[in-house]
Structure formats: C-alpha cells, structure tokens
Amino acid sequence: MIKSRAFWIGLLGSAAFLGIFFFAIIDDFDQVVDVFASANYIYAIPSLAFYTLALWFRTIRWRYLLKPFTGESTRRALFPVVVVGYMANNLIPLRIGELMRAYYLSLREGISTMAGFGTVALERASDVIALLLLVAIAAIVGAIGFQTTVSGVAEHVPGGVAVLTIGALLPFVAVFAVVAYVVVMSPESMRRLMGGMLFMIPPRIRVRIINLAMNLIEGLTVIRTWQGLLKVIALSLPVWIAEITMYYVIALGFDIRSEFGSQIEFIAAIVAFGAAANLAGILPSSAGSLGPFELLGAAALTTLGIDGDVAAAYALTVHMVLWAPVTIAGAIILFFDRTSFVNLARGARSVRGRRRDSASNASHVSENSAELKP
C-alpha cells in the first residue's frame, strides 16, 4: 500500500488540507477542547438512524441503475455491498473504494466490475447535482425574509434576491446540462466533439487526453435518456436529505442553532456545511476524505458567522460519526460473508490495472491511426 502512488498523493493532500484546517479555521486549541467537552453527544445516537436511512436510499438508487444488468431483482441484497463500499472508501485513499464496491458486487452478482463501476460513477455525478440543487434551494429560501447572516448576503449583492437566486441556481444548471449532454450523446459523437475541441493539441497527446476523459465519463452512459437522468437525480435527493438531517441532529448537540435567528437559516447553514464537506470529496486526500471534509465543511460554517473553534469541533465530530459505524459494520459484513478485505483490494487493483492497460492499448492504436492520416 505505501508503495502506491495513490497512497502518497492522498497522504500529501490530506496533510495539506489538515494543515490549512488547523491554522486557518482553529483560533484556540484549548477552546476546541472546551467545545468538545461541552457538546452533547447523545444526539449522535439518533443521527445514525438518518445515516442508515441515507444508505438505504443509496441502495434503492443503485438497484435502479443496475437494472440493465440484473433485471428487476438482484440475487443477493445490495445494502451490504453499499456498506462495504463505504468502509473501503474510509480505509483506502482517492475513493478507490468505489472500485472495490464494484468488484465485491461482481463476486456476489456475476456482473462485470467495470459495468458496476460505471453505475457508481453515475451515482457520484447525480450526488453532485443533488447537492448543488439543495444548496441553491437553501440559499434562495434563506435569503428571502430572514434577518441574519444568510439574508445579509442578498442585501450586499447588486440586484438583491433576484441576482442571488440566479447565482445559486447557476452551478446546478451548468452541471446538470453537462451531465445531461453526456448522457444523451453517443460515445462516438462525444469522442468526435472532444477531438474537434482539442484540435490544436498534438495528435499523440490529444488521443491520450480523449481516452482518459472517455474513461472518466463512461459511467454517465449507463442511462441514455433525460427521463432516466431525472429519475436518478430524484432518487438522489432523499439520500442527501437524510444525510443532512443527520448533520442537523448532531449540530443540536453543539448548540449551533442558537447562532441563527431562525430555524430556516439554521437548516440552510447545515445544508451549506453538508454540501461543501461532501463536494470536497473530489479533492485528493487519504482515506475517508480526511482533511478536505473538515476544511471545507468548517469554512462554510465560519462564512455564515459560526466561530471557527465551534465549526472545527463540529466538523471533526460529524466526520467521526460518519466514519466509524459504517467502517465497523462493513468489517462485520465481510467477516460473516467470509470475504477478505485484502483480497477485495487486490482484486480491485487488478481490475484497475487491466483497465489502464486497455486504455493504453487503445491510445497506441489511435496514435498509429492518427499518424497514418495525411
């Protein structure tokens, strides 16, 4: 593991983000200790019910995405596979656990690992869209008619609520448009489009960029219609509503509610925290998004007026509650399933290696074709 390039990239990424977190967010380490000491951790117990509900909604969404490969039902329950996948993400850097989840699915269902991984990639795209939509809704609702931090943003934006509404919706609309375009576009058309956009780049480099991009977006082609994409996004919303409710319950134990003048602003702030912390998962880090989750989540709260020490303690607590139970549950599932975590990791790495070799071979073929053209 320590010889892996992914390990060192993740480790350096986490170290950098944690360094910024400790020096830019935290003002007084003694105060952070006091916040931890005064927090009411009893709220963490009911919060786990909402996280379990979020995992259940994820399972429902994944079952829908797997229908082209499994039909109406899978041979075995998918929920344990989802849990094991999140355990793997918590233990292996750069979200390689997603590939382990697909490999574990292949062992249980006989579905090819890459087909399963394609559905996971589409899950991630729909997660981004759902989070951006929730942020847009929270920003708009929080800016209309409420008197504290969130509404203060609208007061200082030229054009007021109207401009803020457009700005809040713009990221959602942009990402949705890109994903929708990729979904309905054939791979051949996408390859031609990218080739035209990169016409100024030398053929050898251009082909490699295109092959890499096609590998990254292949999961978005599991569904081929706008209606299918909208259904996946609709299935993603309850996932994040349940998980953000978990964050909300934990925040009650830190008395963050008292920092806001209204309940709706408190909810908007927790939505902002959840979106920032989870969108940070795209950044390079070690296992479990350690570093980016804390930094961006806490930064979202401090931007809304929460004390940095409180935001830091809260972010660390939320991450621990997210990390520990599902990791333990995943280990228990593998134990009773008589499946080795190490063997799963090796299997996923072997699939990853074959995928890389396949892309490399395709690159060489395309390069040769490009060089033969007049």
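Just a few scattered comments:
- Rough spin-label spacing in nm, given labels placed 7 Å along Cα→Cβ, for residue 30 and residue 231: 6.0 nm
- Near residue 247, once Lys and Arg are set to +1 and Asp and Glu to -1 for all other residues with Cβ below 14 Å from its Cβ, the sum equals -1.
- Förster radius 25 Å - calculated FRET efficiency between residue 9 and residue 332 (Cβ-Cβ, nearest 0.05): 0.25
- Ascending count of other beta-carbon atoms within 10 Å, so fewest first, for 226, 62: 226, 62
- Maximal additional length on extending the residue 60-residue 224 stretch stands at 57.1 nm, based on 0.36 nm per residue less the C-alpha distance.
- From least to most packed, judged by other beta carbons within 10 angstrom and beginning with the fewest, 127, 27 follow the order 27, 127.
- Stretched out straight at 0.36 nm per residue, the stretch from residue 178 to residue 343 would grow longer than its current Cα-Cα span by 55.7 nm.
- Computed from the Cβ-Cβ distance with R0 of 35 Å, the FRET efficiency linking residue 258 to residue 170 stands at 0.60.
Values quoted throughout were computed directly from the atomic coordinates according to the rules given, and no laboratory measurement underlies them. All of these numbers come straight from a predicted model, not from anything done at the bench. Note that we place each Cβ from the backbone using ideal geometry, even for glycine, and neighbour counts take in every protein chain shown.
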